[in-house]
Amino acid sequence: MNKEFFEALNLLEKERHIPKDYMIEKVEAALATACKKELGTTNITVVIDPEKEDMRVYRKYKIVAEVEDPNTEITKAQIEELEAKQKEAGIKHKVRSRRRSIGSDYEYELHTKEFRRLSAQSAKQVIIQGIREAERSYQAKEYEDKKGEMLSCIVTKVEDSTGNVVVDTGISQAVLLKAEQIPGEVLRVDDRIKVFASTVGQAGDRGPLVSLTRIHPTLVKRLFESQVPEIVDGTIVIKAISREAGSRTKISVESRDESVDAVGSCIGNKGSRINAVVNELNGEKIDVIPYSTDICEYVKSALSPATVKSVELVGDRQARVIVSPDQLSLAIGKMGQNARLAARLTGCKVDIKSE
């Protein structure tokens with residue numbers, strides 16, 4: 001059984017990524033709890049040796065001249081009597097402590113045959129619970145490290161009744177809620193998608209509470225980071241993002257190197273870089289805007305693809321924009337979307353007028 005137990009630990013480490021040492025620690029504690037309950041005492045130690053594939057249970061006593069607590073204390077005469085009975089019965093117990101002086105600890109091995117079947121079942125349940133706790137703790141730590149990052153997932157289930165999607169994140173199974181999916185996209189089993197881990201809560205009965213989303217603006221930032229090396233090395237900086245998921249996103253970028261074109265680098269050769277991002281976001285339109293400290297110039301660029309005649313500041317963070325009549329509807333956008341995204345991107349209130 002020991003061999004099968006350690007094979008199971010190796011399999012759990014391989015498939016669920018739970019470190020074997022961590023699981024062994026949990027199992028030792030679980031077995032000790034079951035043994036303490038069986039014997040009605042607390043002086044129990046469980047030792048698991050993964051190299052020898054060995055598992056032993058020890059009961060510890062304090063050697064005293066006169067016993068006051070028989071659960072935790074023993075005399076040298078009682079030790080001799082106990083070992084003589086064991087020898088006569090043919091029971092071979094391993095003794096961890098050989099010293100027999102007063103005040104020393106005396107630990108001897110307990111055999112599993114000495115426990116009732118009920119206790120064995122209890123130990124089994126405690127071990128299973130310990131492994132589950134180990135798995136949840138590992139997952140919680142892994143997700144905590146992934147908080148604020150992009151995860152590559154595989155869709156494993158689509159719930160027809162709710163529209164929620166179950167995905168395999170590589171750490172565990174997690175749920176991508178319908179409200180966190182890009183409007184209009186249809187996800188199917190085995191689809192590979194990118195998600196953003198927005199928040200991570202405490203581990204519950206079903207594992208860590210990780211919130212996954214595909215509508216968060218930072219997902220766009222992470223996608224550009226995965227496609228544009230100049231962003232990763234700090235040559236290009238993403239200054240701001242405004243997004244209405246499933247429809248349009250505006251992102252402003254700035255180059256710290258005069259020889260590097262920030263907008264061109266994000267678009268890539270023949271649009272290769274930006275197209276990769278657009279494809280991941282189910283065809284969502286993306287406008288890459290050059291950042292400028294000149295607020296008028298910044299607002300003018302942010303209203304792309306419309307052509308702007310002039311921009312004038314008329315108050316604190318308020319801009320009056322003049323466009324030709326044929327550009328008015330394009331500047332405002334469908335249901336005001338273009339103007340709204342430009343305002344969020346620049347932090348300005350934008351008033352668009354026809355010349």
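Coordinate-derived values only; no laboratory data. Computed from a predicted structure; not experimentally measured. Every residue, glycine as well, gets a Cβ built from its backbone with ideal geometry; the counts of neighbours run over all protein chains shown.
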For Lys3, Lys62, what ranking results if the residue with the fewest other Cβ atoms within 10 Å of its Cβ goes first?
Lys3, Lys62
How do Arg243, Arg59 rank when sorted from fewest to most other Cβ atoms within 10 Å of their own Cβ?
Arg59, Arg243
Can you give the relative contact order of the range 147-210 as a percent, counting alpha carbon pairs under 8 Å and 6+ residues apart?
38
Using the Cα centre of the chain as origin and beta-carbon charges of +1 (Lys, Arg) and -1 (Asp, Glu), tell me which of Ser329, Val314, Ala77 is placed farthest towards the positive end of the dipole.
Ala77
Set the Förster radius R0 to 35 Å, insert the Cβ-Cβ distance between Lys194 and Asp326 as r into 1/(1 + (r/R0)^6), and round the FRET efficiency to 0.05.
0.35
Using 0.36 nm times the number of residues separating Asp168 and Asp69, minus their current alpha carbon distance, what extension gain do you get?
30.2 nm
Of all DSSP beta bridges with both partners in the chain, the antiparallel percent, nearest 5, is 75
Here the net charge surrounding Ala134, from other residues whose Cβ is less than 14 Å away from its Cβ (Lys, Arg +1; Asp, Glu -1), is -2
Relative contact order for the chain: what percent, with Cα pairs under 8 Å and sequence separation of 6 or more?
9
Which of Val232, Val323 comes first, and how do the rest follow, when ranked by fewest Cβ neighbours within 10 Å?
Val232, Val323
For the chain, give the magnitude of the charge dipole about the Cα centre (Cβ charges: +1 Lys/Arg, -1 Asp/Glu; no others), in debye to the nearest 20.
540
For the pair Ser152 and Asp351, what calculated FRET efficiency results from E = 1/(1 + (r/R0)^6), where r is the Cβ-Cβ distance and R0 = 35 Å, to the nearest 0.05?
0.25
Would you please give the residues with an amide H less than 5 Å from that of Val210, counting only those at least 5 places away or on a separate chain, with H modeled from the backbone geometry?
Gly201
Extension gain (nm, one decimal) between Leu313 and Ala179, 0.36 nm per residue minus Cα-Cα:
44.4 nm
